[in-house]
Amino acid sequence: MHELSIATSLVRLAEESAREAGAARVTRVHLRLGALSGVVREALDFAYGVATEGTMLAGSELAVEEVPLVVWCEPCTAERALATVTRFRCPVCDAPTPDVRTGRELEISHLDVEGEAEPAGPSGDGQTDALPQPPWSPFRRD
């Protein structure tokens, strides 16, 4: 089950990002998951629960946005959504459509976080709570 290694990597990445932003806890991880990612959603959901135990993501939710398979059809000069990952032909003109535009995604889009982490020590080194949050930050504070 490779979903456990994927979940472990997601947790590690989310923890690193949350710590850099000075968050105390991650409440939700928003994941974009493409139809061609090769990930079984149910297995990932289970593995995520196991991978978050004992981390700052423990008890958090994995919110998955399923990204459809979309290809470019040259004869139609248009993007077309495919109903299945087994037939790469345009649903309108039936031309072969090997140019995949979306559907391979396996990415964290953003995190929902709460609280601020405690500074590392009285000397102030590691003051993660002093980090600025840029306007483009993928974090949402509750």
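Output ³J(HN,Hα) for the range 27-32: one whole-Hz value per residue in order, computed from phi by the Karplus curve 6.51 cos²θ - 1.76 cosθ + 1.60 with θ = phi - 60°, and x for Gly and Pro.
9, 8, 10, 9, 10, 9
For the range 1-93, which trypsin sites (Lys or Arg not before Pro) are in a loop by DSSP, counting at most 14 other Cβ atoms within 10 Å?
87
Taking θ as phi - 60°, what are the ³J(HN,Hα) couplings along the range 38-45 by the Karplus curve (6.51, -1.76, 1.60), each to the nearest whole Hz, with x for Gly and Pro?
Residue by residue, the range 38-45 yields x, 9, 8, 4, 5, 5, 5, 4 Hz.
What are the residues whose amide H is under 5 Å from the amide H of residue 97, where those residues sit 5 or more places off or on another chain and H is modelled from the backbone?
89, 90
For residue 110, project a label point 7 Å along Cα to C-beta. Then give me every residue of the range 56-90 with its amide nitrogen under 20 Å of that point.
Under cut-off, by backbone N: 57, 60-68.
Ordered by residue, what ³J(HN,Hα) values in Hz, to whole numbers, does the range 102-108 give under the Karplus form 6.51 cos²θ - 1.76 cosθ + 1.60, where θ = phi - 60° and Gly and Pro are x?
9, x, 9, 4, 8, 8, 7
Sequence-distant or interchain residues sharing an amide H contact under 5 Å with residue 69, placed H: which?
35, 82
For the range 3-117, build the convex hull from the C-alpha positions and give me its volume per residue in Å³.
Once divided by residue count, the hull of the range 3-117 is 101 Å³.
Using 0.36 nm per residue, how much length does the chain from residue 83 to residue 53 gain when fully extended, once their Cα-Cα distance is taken away?
Fully extending the segment from residue 83 to residue 53 adds 7.2 nm.
Amide H neighbours of residue 116 under 5 Å, at least 5 residues apart or on other chains, H built in the peptide plane: list them.
Residues meeting the criterion, in which the H sits 1.01 Å from N, are 24.
All of the numbers you see were taken from the coordinates with simple rules; none came from a lab. Source: prediction; values computed, not measured. Neighbour counts run over all protein chains shown; Cβ positions are idealised from the backbone, glycine included.
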